[in-house]
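A.B. asks: Questions regarding the structure given below will be posed in turn.
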Amino acid sequence: MNTNEVYLKELIGKYIKVKNSPNMNNVGINGKIIDESRNMIAIDAGSKVCNIPKTGAVFRVEFGDAWYDIHGDAILLKPEDRTKEKRKIYKKLRRYDSR
């Protein structure tokens, strides 16, 4: 799977780890994604549910046997609109590639 294709896939039910976040208390939280909204990802972290803002965060998501890094700023869309907004997502990703 192409790295950019990951941004268009369904994330609910996938295993995730917060790799980087503006709030350092969120870094390292891992578990299963149970819900996603435009601005937040809800993670079942075992004993509690953590709501992590997408803005400024980098997530590591498992798809099959591979892990992919996803920039939260690139997926600041409603989950159902992500497949329709392919160009907008790829435009945001170009900013990260140029760094």
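A.B. asks: For a quick check of your reading of the filter: which trypsin sites (Lys or Arg not before Pro) in region 47-92 sit in a DSSP loop and have no more than 16 other Cβ atoms within 10 Å?
C.D. replies: On the way: sites: Lys48, Lys54, Arg60, Arg82, Lys84, Lys86, Arg87, Lys88, Lys91, Lys92; in loops: Lys48, Lys54, Arg82, Lys84.
Passing sites in region 47-92 are Lys48, Lys84.
A.B. asks: Would you tell me the accessible area of Asp69, worked out with a 1.4 angstrom probe on the heavy atoms of the protein chains, in Å² to the nearest 10?
C.D. replies: Using a 1.4 Å probe on the heavy atoms, I get roughly 50 Å².
A.B. asks: Within the set Lys19/Lys86; Lys54/Lys86; Lys48/Lys88, which residue pairs have Cα atoms separated by over 26 Å? Could the numbers behind the result be given before it?
C.D. replies: Details: Lys19/Lys86 24 Å; Lys54/Lys86 18 Å; Lys48/Lys88 33 Å.
Over 26 Å apart, Cα to Cα: Lys48/Lys88.
A.B. asks: Mind giving me the nanometre distance, one decimal, between the label points for Lys48 and Met1, set 7 Å out from Cα along Cα→Cβ?
C.D. replies: Using points 7 Å along Cα→Cβ, the separation is 3.0 nm.
A.B. asks: I've got another one for you. Round to a whole number: what % of the accessible area of the chain belongs to carbon and sulfur, probe 1.4 Å? Could the numbers behind the result be given before it?
C.D. replies: Details: 2710 of 6010 Å².
With neighbouring chains kept in place, the figure for the chain is 45 percent.
A.B. asks: Report the full-extension gain for the segment Met40 to Met24: residue separation times 0.36 nm, less the Cα-Cα distance, to one decimal in nm. Could you put the intermediate results ahead of the total?
C.D. replies: Details: separation 16, 0.36 × 16 = 5.76 nm, distance 1.62 nm.
Contour length minus Cα-Cα distance gives 4.1 nm.
A.B. asks: Follow-up. What accessible area per residue comes out for the chain, rounded to a whole number of Å², with a 1.4 Å probe?
C.D. replies: Details: 6010 Å² over 99 residues.
I get 61 Å² per residue for the chain.
A.B. asks: Please turn the phi angles of region 22-31 into ³J(HN,Hα) values with the Karplus equation 6.51 cos²θ - 1.76 cosθ + 1.60 (θ = phi - 60°), one per residue in order, whole Hz, x for glycine and proline.
C.D. replies: x, 8, 4, 5, 7, 5, x, 5, 9, x
A.B. asks: In addition: On a 0 to 90 degree scale, rounded to 10, what angle separates helix 86-97 from the longest Cα axis of the chain?
C.D. replies: Here the helix axis deviates by roughly 80 degrees.
A.B. asks: If you work out log10 I(q)/I(0) by the Debye sum over Cα atoms at q = 0.14, 0.19, 0.25 Å⁻¹ from the coordinates, which of [x] -0.58, -0.96, -1.30; [y] -0.65, -0.92, -1.31; [z] -0.47, -0.89, -1.55 do you get?
C.D. replies: [z]
A.B. asks: In what order, largest first, do Val27, Val18 sit by accessible area if the probe radius is 1.4 Å? Don't skip to the end; give the middle numbers.
C.D. replies: Numbers: Val27 55, Val18 0 Å².
So, going from the largest accessible area down, we get Val27, Val18.
A.B. asks: Separate question: Less than 18 Å apart at the alpha-carbon level, and either on another chain or at least 8 residues along: which aspartates and glutamates does that give for Lys78?
C.D. replies: Hits, sequence-local ones excluded: Glu5, Glu10, Asp35, Glu36.
A.B. asks: If you rank Glu85, Glu36 by how much accessible surface each has, with a 1.4 Å probe, what is the order from largest down? Could you put the intermediate results ahead of the total?
C.D. replies: On the way: Glu85 65, Glu36 15 Å².
Ranked list, largest accessible area first: Glu85, Glu36.
The values are calculated or read from the model by the stated rules, or taken from the named source; none is laboratory data. Since we're looking at a predicted model, the values are computed, not measured. Using ideal geometry, Cβ is built from the backbone for each residue, glycine included, and neighbour counts are taken over all protein chains shown. Quick note on the areas: whole protein, heavy atoms, side chains included, nothing else; ligands and nucleic acids left out. Shrake-Rupley method; radii C 1.70, N 1.55, O 1.52, S 1.80 Å.
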